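Colleague: Got a structure here, written out as structure tokens. Questions coming.
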Amino acid sequence: MIRLIVRNILRRPLRNGLTFAGIAVAMAVLVCILSFGDGYRRALKSELDRAGVQMMLVPLGCPYDAATRVLKNNTLETSLPETALDAVRSDSVVSVAAPLLMAAAPRQNDRRTDIWVGLDQTALSLKPWWRVKNGQHWFSNANEVILGADAAGIEMRAPGDKFYSPEMRRQFTVAAVLERSGTSDDSAFFVPLTTAQEMFSQRGRLTAIAIRLKDPALVREAAPRLQSIPGAQVVTMAEMMGTFLNLLGAVRTLVLAVAAIAIAVSALTVFNTLLAAVLERTNELAMLRAIGASRPQVFALLVGEAVLLTLCGAVAGGIFAMMIGPRIEALAKGWIPFAPADVILAISPAALARCSLLALVVGALAALYPAWRAARMEPALAAKSE
């Protein structure tokens, strides 16, 4: 029967080819959506765990937007008074409080914007990925700069080299070049906090304060106290993750609806293809019944064609999803909040198996009516229609 099923599918290459393509596209979309949701959740949790930051004190405004910008070494429109740092460090449950000042320096001639980060040595304990490739481990004076891996490559500088910034109108000595970490630190220019405050006319001001507690379980106890600091608000990494996942969930629901429509269209295509095949093969099916084929056998023949066609489409869709996955991920990272540096569209065997099973079930259900109609065909009545 398998040979007969394969032959029947190959007899109508155009119609079955279009059905195959529709199933493959719907399968690829579904696999990418499921893998993206799972991968984003996993990568976001890993990124926040690696950051070593459990809380962040940011200026009043949208706390999640502010915290995301800080984690990405981006600038904020408002700032904190430096006195907030003393209030945070005096809290009994705070283990580390690292002040940060981020500022952007547009370079019109080069059509790019440099991100400068001012920090003190406490920030190193919150950057577990910070590794010096060449040079010294910290600044020895106020006119030194530490370059991220990409920044050093663009500027073509090594430790000990002089580096003049026309935007800052200041000359620095390169103290160190960092190893590539896959984070936003790779493209940043790091200077002592006091130097950054002087360069950007932000004396006594901070962009944010990154906080690690002595015990992560004390987040709920510490948050209300830190929230009372004038001009500041607290955002926890757990809150950020929950908010971003909620946003992603809303988008994912919308895209899943689109995928469901694609699957429904594929099911209707399978239904239409088999129903047309039943009408065109009336005489052939009648002959099968006349030479002894039972109704279950005719029914199984039509369902088998649908299942095989769906299975081939599902396999092709899975391959297609793995091919286009990296490109979809590159596009998606441009608009999702706090896009992790890790791979977020890793297509797993479990996702492929779930989607393939769904495709087979949908294909089999779409074949039920055409197969039932073919199985109920009476040999004599069918032969008369010739």
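Colleague: Given the conditions (1) β-branched (Val, Ile, Thr); (2) under 35 Å from the mean Cα position of the chain (by Cα); (3) under 21 Å from Gln136 (Cβ atoms), and given that Thr207 satisfies all but one, which numbered condition is not satisfied?
Modeller: (3)
Colleague: Looking at (1) touching a helix residue (DSSP H, G or I) at 6+ places or on another chain (Cβ under 6 Å); (2) surrounded by 14 or more Cβ atoms within 10 Å (Cβ to Cβ); (3) of a type in the set (D, E, K, R), which is the only condition Arg203 fails?
Modeller: Unmet for Arg203, out of (1) touching a helix residue (DSSP H, G or I) at 6+ places or on another chain (Cβ under 6 Å); (2) surrounded by 14 or more Cβ atoms within 10 Å (Cβ to Cβ); (3) of a type in the set (D, E, K, R): (2).
Colleague: On to the next question. Report, by residue number, each residue of the range 286-306 that is part of a helix (DSSP H, G or I) and either of a type in the set (Asp, Glu) or over 50 Å from the mean Cα position of the chain (by Cα) (or both).
Modeller: Going through the range 286-306, the residues part of a helix (DSSP H, G or I) turn out to be 286-290, 295-306.
Across the range 286-306, the qualifying residues are Ala286, Met287, Leu288, Arg289, Ala290, Glu305.
Colleague: Output the residues belonging to the range 201-228 that are polar (S, T, N, Q) and free of Cβ contacts under 8 Å to residues at least 40 places away in the same chain.
Modeller: At the first step, the residues of the range 201-228 found to be polar (S, T, N, Q) are 201-202, 207, 227-228.
Of everything in the range 201-228, those that are polar (S, T, N, Q) and free of Cβ contacts under 8 Å to residues at least 40 places away in the same chain turn out to be Ser201, Gln227, Ser228.
Colleague: Would you mention how many residues in the range 127-139 are under 28 Å from the mean Cα position of the chain (by Cα) and at pLDDT 85 or above? First the steps, then the outcome.
Modeller: Let us first name the residues in the range 127-139 that are under 28 Å from the mean Cα position of the chain (by Cα), namely 127-131.
Checking the rest, the ones that are also at pLDDT 85 or above come to 130-131.
Residues meeting the conditions: 2.
Colleague: What's the number of the only condition in (1) buried (at least 21 other Cβ atoms within 10 Å of the Cβ); (2) in contact with a Leu (Cβ under 7 Å, 6 or more places away or on another chain); (3) modelled with pLDDT under 80 that Ala382 fails to meet?
Modeller: Evaluating Ala382 over (1) buried (at least 21 other Cβ atoms within 10 Å of the Cβ); (2) in contact with a Leu (Cβ under 7 Å, 6 or more places away or on another chain); (3) modelled with pLDDT under 80 leaves (1) as the failure.
Colleague: Further question: Of the conditions (1) buried (at least 20 other Cβ atoms within 10 Å of the Cβ); (2) part of a strand (DSSP E or B); (3) among the charged types (D, E, K, R), Asp185 fails just one. Which one is it?
Modeller: Here Asp185 clears every test but (2).
Colleague: May I pose another question? Restricting attention to the range 164-223, report how many residues are aliphatic (A, V, I, L, M) and touching a Phe, Trp or Tyr at 6+ places or on another chain (Cβ under 9 Å). Lay out the reasoning, then the answer.
Modeller: So in the range 164-223, the residues aliphatic (A, V, I, L, M) come out as 168, 174-178, 188, 191, 193, 196, 199, 206, 208-211, 213, 217-219, 222-223.
Within this subset, residues satisfying the condition of being touching a Phe, Trp or Tyr at 6+ places or on another chain (Cβ under 9 Å) are 168, 174-176, 178, 188, 191, 196, 199.
Of the residues in that region, 9 qualify.
Colleague: Exactly one of (1) assigned by TED's automatic domain parsing to the domain that holds Ala359; (2) at pLDDT below 75 is unmet by Pro13. Its number?
Modeller: Just one mismatch for Pro13, condition (2).
Colleague: Looking at this structure, is Ala87 outside any strand (DSSP E or B), surrounded by fewer than 16 Cβ atoms within 10 Å (Cβ to Cβ), over 29 Å from the mean Cα position of the chain (by Cα) and of a type in the set (A, V, I, L, M, F, W, C)?
Modeller: Considered against the rule, which asks whether it is outside any strand (DSSP E or B), surrounded by fewer than 16 Cβ atoms within 10 Å (Cβ to Cβ), over 29 Å from the mean Cα position of the chain (by Cα) and of a type in the set (A, V, I, L, M, F, W, C), Ala87 comes out as no.
Colleague: In addition: Scan the range 128-140 and report the pairs whose first residue is farther than 22 Å from Arg212 by Cβ and whose second residue is surrounded by 13 or more Cβ atoms within 10 Å (Cβ to Cβ) and among the charged types (D, E, K, R), with Cβ atoms within less than 6 Å and a gap of 6+ or a chain change.
Modeller: Lys133/Glu179
Colleague: Quickly run through the range 216-238 and pick out the residues that are surrounded by 15 or more Cβ atoms within 10 Å (Cβ to Cβ) and assigned to a loop (DSSP other than H, G, I, E, B).
Modeller: Residue satisfying the conditions is Ile229 alone.
The values are calculated or read from the model by the stated rules, or taken from the named source; none is laboratory data. Since the model is a prediction, treat every value here as computed from it, not as a measurement. Every residue, glycine among them, receives a Cβ derived from its backbone with ideal geometry; neighbour counts consider all protein chains shown.
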